[in-house]
Amino acid sequence: MEENVAENISISPGQAVRIGVYVCHCGLNISRTINCSHVAETASVLDGVVVSKDIAYACSEPGQQEIKEDILEHGLDRIVVASCSPRLHEPTFRQMIQSVGLNPFLLEMANLREQCSWVHMNEPDAATQKAVTLVKMAVSRVRMLWPLVGERVPLTKRALVIGGGIAGIQASLDLADNGYEVILVEKRPSIGGTMAQLDKTFPTMDCSI
Amino acid sequence: MTDVGRHPKIKLHTMSEVMDVEGSVGNFNVSILKRARYVEEKDCTACGDCAKACPVVRPDEFNVGLSTRKAIFTPFPQAVPSAYVVNINECLGHNPSVCAKCMDACEKGCINFHMSDEEIKERVGSIVVATGLEPYDPTELDEYGYTRFENVLTSLEFERLINAGGPTKGELIRSTDRRRPKSIGFIQCVGSRSVRKGGGYCSNVCCMNTIKSTLVLKEHYTDITIKVFYIDIRAFGKGFEDLYMRSRRSGVHYLRGLPGNVEELPNGSLRVSVENTASGMLEFHDLDMLVLAIGIKPAKSVQKIREMLGLQLTPDGFFLEAHPKLQPVDAATRGVFYAGCAEGPKDIKESVTQASAATARSIRLMHKGEIITEPITSVLIPGLCKSCGICAEVCPYNAITVDVKKKMPAMINSAACAGCGTCAAECPFGAITMNHFTDDQIICQIDAMLEDKAQEKVLVFACNWCSYAGADYAGVSRIQYPASVNIIRTMCSGRVDKNFIWHAFLKGAPVVLVSGCHIGDCHYIDANHWTQKRVQKLQKKMEKLGIKPNRLQLEWISAAEGVRFADVMNKMEKIRQEVSSQEIADTIKILSRRKKQVLLSD
């Protein structure tokens with residue numbers, strides 16, 4: 001059993017952080033409702049923020065390039081991307097900062113699209129105010145983050161397929177033909193599922209079995 | 001199908017169900033219950049002598065009850081594995097052996113009544129969920145008379161009837177008089193696109209299935225009259241419109257309008273009354289046979305699998321994908337993928353496409369042979385642990401061990417920890433923290449949020465898997481709600497420490513919402529039970545302290561409940577507006593006094 005003990009639990013007080021804040025327009029998705037340059041401006045005076053700007057598409061190649069260059073040029077060590085939901089692009093931006101040598105967990109996102117511009121479309125002022133708050137929260141948080149490293153563990157190169165209808169059959173064959181061992185579990189006495197019960201099938205009008 | 005049976009890399013377990021899944025991405029431990037077949041799978045040649053001898057006659061499920069089978073049977077001639085099976089509940093020969101005629105008939109001696117159910121353990125790196133569908137049962141749509149009138153069939157029954165391998169060898173006959181019908185009607189959207197009965201969604205396949213059936217019918221019987229009653233014909237796929245046009249050209253009558261009523265005539269035929277919405281006229285059509293194009297419902301096994309793997313469902317009851325466009329075959333649980341109708345109604349081509357996609361995603365995960373674990377796990381702060389054992393009690397994964405008697409500090413097994421953070425929230429001594437969601441990291445967000453105009457803010461804690469995703473879903477659907485709402489994300493609602501909530505009220509928060517997955521849907525098995533207990537306790541404490549307990553709310557919001565998320569936010573805003581500045585000031589006073597006391601008592 002591996003014991004997990006905190007080693008670098010706190011960032012030593014007084015350690016200067018160098019934060020970059022990027023407020024994404026997402027085309028018009030965010031900027032139609034939120035005044036992005038205003039948000040970037042208010043963030044620029046926050047403690048530890050070295051660079052703060054608005055950016056047309058943070059996730060695009062030029063967008064990422066710009067952030068990466070800033071990281072190298074200004075020696076940024078923490079990044080806030082204020083754009084869409086982290087459920088969408090957190091992996092993108094983690095990879096981005098990792099590619100220039102930062103630990104991927106030194107990133108924080110502020111969700112200005114799904115949880116602000118898209119849900120307060122008729123209140124641009126209130127939405128901009130909220131965006132300012134969300135970015136401020138993200139900056140506070142990113143200041144407190146510390147690097148994390150995942151562990152490499154061996155993986156079992158086998159797959160379980162639950163259900164032996166047409167989808168389960170296809171998945172099993174594809175996996176098996178690629179050299180992976182497959183466990184196919186079907187609750188009925190035969191595989192085939194609903195498909196096996198059908199006569200000719202569209203659009204080719206041939207037999208389903 | 002036969003390829004699966006003979007593939008050296010595929011281990012096929014039929015009559016089997018997954019009972020339990022433990023572990024996580026890369027290394028899932030799976031328990032499978034394999035029910036006894038009572039026939040040796042490898043030895044049986046499917047000669048059928050046993051079935052000839054069997055005296056028990058039962059309806060044949062494969063032919064949806066349109067023919068019979070014996071208690072020892074093969075589901076259909078091409079079955080894989082090609083071995084007979086005994087339905088032990090129907091068999092006469094089992095315990096005590098009174099029949100055993102099949103055993104005498106089987107020359108190879110494949111039948112073995114001593115077989116018993118087996119529990120099989122397997123270890124796998126990834127899981128493809130392809131649990132399929134359940135055809136809609138149209139009995140509840142009484143106006144169509146299914147089960148009341150014998151010549152009203154479902155599309156699945158019709159499939160068996162015109163199938164060369166079916167009960168009539170492909171001969172279309174009516175069961176009432178064994179004569180070939182001269183006219184057939186098809187009713188579309190049975191159990192689909194109706195919020196009232198069945199499902200509100202389109203089942204995707206029924207239009208094309210009916211078009212195919214009309215073409216097959218016209219091919220066999222050129223003189224047959226066919227009428228299709230529909231809302232719209234959805235022939236959206238490649239080559240579909242072409243088939244639809246062929247069907248129209250062959251003389252099939254397409255009539256826009258769903259029948260309101262079906263009556264049986266003395267000769268067993270059916271009188272359909274329908275408002276033709278193209279002409280606006282009420283029409284009556286006498287038809288020899290009526291086929292209900294039934295929709296696709298989620299499989300019954302969905303609930304069990306959802307609980308085992310910590311998956312989410314859409315409101316329609318199908319599995320919810322991690323992202324509708326960019327991760328359409330990934331589950332939110334890492335290492336789990338969807339294929340086929342488990343994820344939503346689809347036709348064969350789409351099922352095959354999705355299965356191949358799921359395979360590619362699964363190989364992408366597995367091909368390196370190693371996996372990097374999520375470092376978002378709980379960690380012990382040495383020296384603070386007093387060995388009380390609460391963390392071990394609340395951990396849904398048994399990842400923490402504490403020897404309470406010997407006063408040994410807690411040990412956290414990071415490989416088993418999934419990162420819900422319940423232990424960190426429950427530890428009375430602050431001896432456990434959560435990587436990436438530490439107390440400091442969350443408290444500083446609360447401070448930043450409430451620094452300015454605290455009274456105008458609604459503080460929402462949302463769990464990553466359900467409520468935060470539900471908020472995203474509200475956004476994607478452009479459902480508007482008050483801008484006072486500010487969300488703090490945690491992996492699980494179980495992470496929301498009582499101190500976060502006290503801190504928020506101390507900093508002037510008018511209202512706080514804790515939101516998570518519905519009970520039973522928690523991504524971390526049952527961590528949200530602890531959330532519920534904690535919030536209830538806090539509300540009681542608030543009442544005692546003279547703080548209105550309704551200022552702290554707890555709501556379960558799933559990833560698919562965008563509308564509900566917005567409704568809850570509107571409710572929170574309403575509660576916020578009822579909280580006066582005086583109340584907030586009083587609360588701050590009460591809590592700062594309490595904080596001092598707590599600090600002194602420590």
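Values in this text are rule-based calculations from the coordinates and carry no lab data. For clarity, every value in this text was computed on a predicted model and none was experimentally measured. Cβ: placed from backbone, ideal geometry, glycine included. Neighbour counts: every protein chain shown.
Okay, here's what the table says:
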quantity	calculated
Magnitude of the charge dipole, chain B, Cβ model with Lys/Arg +1 and Asp/Glu -1, debye to 20	1060 debye
Inter-part distance where region A:62-131 and region B:313-359 are each reduced to a Cα centre, Å	28 Å
Cα-projected label distance for B:GLN582 with B:LYS238, points at 7 Å along beta-carbon direction, nm	7.2 nm
Spatial separation of Cα centroids for region B:522-545 and region B:268-308, in angstrom	46 Å
Chain lengthening between B:GLU40 and B:GLN327 when straightened (0.36 nm per residue, less Cα-Cα)	99.1 nm
Virtual spin-label span in nm between B:MET408 and B:GLU118, 7 Å along Cα→Cβ	3.8 nm
Label point distance in nm, A:GLU41-A:THR204, each placed 7 Å from Cα along Cα→Cβ	6.3 nm
Linear extension gain, B:SER82 paired with B:ARG256, 0.36 nm per residue minus alpha-carbon span	58.1 nm
B:ASP316-B:GLN597 FRET efficiency (beta carbon distance; Förster radius 41 Å; 0.05 resolution)	0.20
Residues of type lysines that B:LYS548 reaches as a straight line, Cα spacing below 23 Å, ignoring anything fewer than 8 places off in the same chain	B:LYS453, B:LYS457, B:LYS498, B:LYS507, B:LYS533, B:LYS537, B:LYS540, B:LYS571, B:LYS574, B:LYS589, B:LYS595, B:LYS596
Cut-off 12 Å, label 7 Å out along Cα→Cβ of A:LEU148, residues of region B:349-383 by amide N	B:373-379
Förster radius 35 Å - calculated FRET efficiency between A:VAL100 and B:PHE429, Cβ distance, rounded to 0.05	0.30
Bridge type composition, chain B - antiparallel percent by DSSP, nearest 5	55 percent
Local electrostatic count, A:GLN64, Cβ distance below 13 Å [Lys/Arg +1, Asp/Glu -1]	-2
Residues of type aspartates and glutamates that B:LYS52 reaches as a straight line, Cα spacing below 16 Å, ignoring anything fewer than 8 places off in the same chain	B:ASP60, B:GLU90, B:ASP104, B:GLU107
Rounded tilt (10° steps) of A:124-144 against the dominant C-alpha axis of chain A	90 degrees
Amide H partners (placed H, <5 Å) of B:MET19, local residues excluded	B:SER31, B:ILE32, B:LEU33
Estimated 222 nm signal from helices in chain A, with DSSP H stretches of n ≥ 4 weighted -39500 (n - 2.57), rounded to 500	-11000 deg cm²/dmol
Cross-link pairs beyond the 23 Å C-alpha cut-off, checked among A:LYS187/B:LYS346; B:LYS70/B:LYS346; B:LYS42/B:LYS349	B:LYS70/B:LYS346; B:LYS42/B:LYS349
B:GLU275-A:TYR57 FRET efficiency (beta carbon distance; Förster radius 51 Å; 0.05 resolution)	0.50
